[in-house]
There are 4 protein chains.
Amino acid sequence: MDDLETPPLDDPAGCGGAAAPGPGGLARAVDPEIKERNLKRLRRIEGQVRGLQKMVQDDRYCADILTQISSVHEALRGVGRELMRNHLKHCATAAIQDGAESAEQMYDELIELIFKHSR
Amino acid sequence: MDDLETPPLDDPAGCGGAAAPGPGGLARAVDPEIKERNLKRLRRIEGQVRGLQKMVQDDRYCADILTQISSVHEALRGVGRELMRNHLKHCATAAIQDGAESAEQMYDELIELIFKHSR
Amino acid sequence: MDDLETPPLDDPAGCGGAAAPGPGGLARAVDPEIKERNLKRLRRIEGQVRGLQKMVQDDRYCADILTQISSVHEALRGVGRELMRNHLKHCATAAIQDGAESAEQMYDELIELIFKHSR
Amino acid sequence: MDDLETPPLDDPAGCGGAAAPGPGGLARAVDPEIKERNLKRLRRIEGQVRGLQKMVQDDRYCADILTQISSVHEALRGVGRELMRNHLKHCATAAIQDGAESAEQMYDELIELIFKHSR
């Protein structure tokens with residue numbers, strides 16, 4: 001994750017074959033309230049991470065820091081959950097309706113996300 | 001995790017019975033190089049979280065954001081791993097050597113950390 | 001998981017509204033090679049679990065047993081991965097193509113499976 | 001996990017340096033009630049795995065099978081939790097009290113178990 005500005009382009013076909021949506025590009029659609037909730041959550045997570053820095057700086061009890069780290073994991077899963085729902089609703093649905101080939105690509109991408117990246 | 005400044009005080013006995021070290025207090029000891037590495041990692045994680053905000057703001061492809069979220073999870077686990085090692089080496093060891101009662105408390109705390117909080 | 005013969009019927013609507021396929025019922029379709037692979041894996045997992053019983057019976061070193069338990073987790077995730085792919089390909093796809101309402105139900109079910117049950 | 005009869009011997013030093021206890025050998029001690037509980041749980045897990053085979057055989061709804069798989073994961077974690085507590089209480093404690101070198105080996109082993117194998 002060295003450069004967040006240029007995410008992986010390993011599947012340039014994308015969801016539906018368009019140039020813009022898909023890996024390395026844009027979401028097909030994002031529900032505005034999901035976007036707002038996620039931004040709010042991520043700003044809060046940023047605050048939690050700064051709080052962790054302060055705890056480490058102050059030599060706080062390791063077990064307390066570990067407990068706070070687990071809160072950040074939980075908060076990130078909350079963001080992931082919203083994103084995954086949006087992904088299923090918009091991009092996965094479009095890919096599945098688009099035909100067998102784009103559907104197969106989407107199944108593979110989802111399985112990868114679920115079993116490699118959702119934890 | 002509403003207030004990182006005042007972590008849980010649910011076990012005021014602490015590791016070894018001292019007033020300062022233990023839950024809600026301080027670590028018994030932190031290796032300086034571990035502390036430095038963890039601060040560096042956490043500053044990097046803060047940057048990753050800001051990167052996530054930008055991705056959400058820009059309506060980036062959901063699967064790409066989910067992949068980046070998983071990088072943050074992995075980076076947090078890296079911090080947790082260092083903290084857990086430090087915790088075992090200093091505080092858990094002190095508690096175990098301190099007698100049966102403090103040892104039992106430590107086993108419970110460790111099991112809780114491992115199975116509830118280490119993910 | 002008291003009675004495997006009668007799994008949860010908490011969503012009687014099922015995938016696509018049919019009586020037979022869906023929760024508490026049948027899969028819409030299972031690729032024969034997936035089914036065969038999963039049966040083979042599950043028989044192997046059964047053997048691993050019996051091996052774990054023998055290890056516990058023989059007072060084997062706890063860390064070795066824990067390592068073997070993690071192999072069983074990994075093997076179970078292998079089965080889950082195949083099932084999830086089959087589920088996406090057949091039942092989720094049918095539900096998504098069936099209309100907005102069945103699609104929404106499927107998104108919820110998938111999110112539940114991914115974030116509650118896939119670990 | 002091809003041969004449960006001969007677990008990994010990658011750390012022949014073991015806990016405390018004795019020939020018998022440690023990796024590839026025996027537990028230093030197992031509380032009899034923990035052993036009994038774990039055997040009972042593992043026999044139950046074996047039944048659950050056979051139940052899964054029947055569900056796959058009968059083409060049961062994938063999401064129901066996935067939910068049952070997650071019950072098996074949870075039950076395995078229950079066994080792991082007991083084993084980890086026993087491990088901390090007996091073998092880890094012995095290693096930590098045995099001197100700095102055996103303690104360091106034990107920290108490494110525990111971190112490995114916690115972050116690689118406890119999920």
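The values are calculated or read from the model by the stated rules, or taken from the named source; none is laboratory data. Since the model is a prediction, treat every value here as computed from it, not as a measurement. Note that we place each Cβ from the backbone using ideal geometry, even for glycine, and neighbour counts take in every protein chain shown. Accessible surface is based on the protein model in full, side chains and every heavy atom, while ligands, DNA and RNA are left aside. Shrake-Rupley method; radii C 1.70, N 1.55, O 1.52, S 1.80 Å.
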Could you say whether any residue in region A:102-119 is outside any helix (DSSP H, G or I) and closer than 17 Å to C:TYR107 by Cβ? yes
How many residues of region D:31-64 are among the charged types (D, E, K, R), facing another protein chain (nearest Cβ under 8 Å) and either open to solvent by 80 Å² or more (accessible area, probe 1.4 Å) or in a helix (DSSP H, G or I) (or both)? The answer is 6
When region B:86-115 is examined, which residues are found to be touching a helix residue (DSSP H, G or I) at 6+ places or on another chain (Cβ under 7 Å), open to solvent by 20 Å² or more (accessible area, probe 1.4 Å) and facing chain A (nearest Cβ under 9 Å)? B:GLU109
What single numbered condition from (1) in contact with a Cys (Cβ under 7 Å, 6 or more places away or on another chain); (2) more than 7 Å from chain B (Cβ to nearest Cβ); (3) small (Gly, Ala, Ser); (4) within 20 Å of C:PHE115 (Cβ to Cβ) fails to hold for A:ALA27? (2)
Of the residues in region B:53-105, those that are more than 16 Å from the chain's Cα centre (by Cα) and touching a residue at least 12 places away in the same chain (Cβ under 8 Å) number 10
Could we say that B:ARG28 is among the charged types (D, E, K, R), open to solvent by 40 Å² or more (accessible area, probe 1.4 Å), over 30 Å from B:SER71 (Cβ atoms) and modelled with pLDDT of 65 or more here? yes
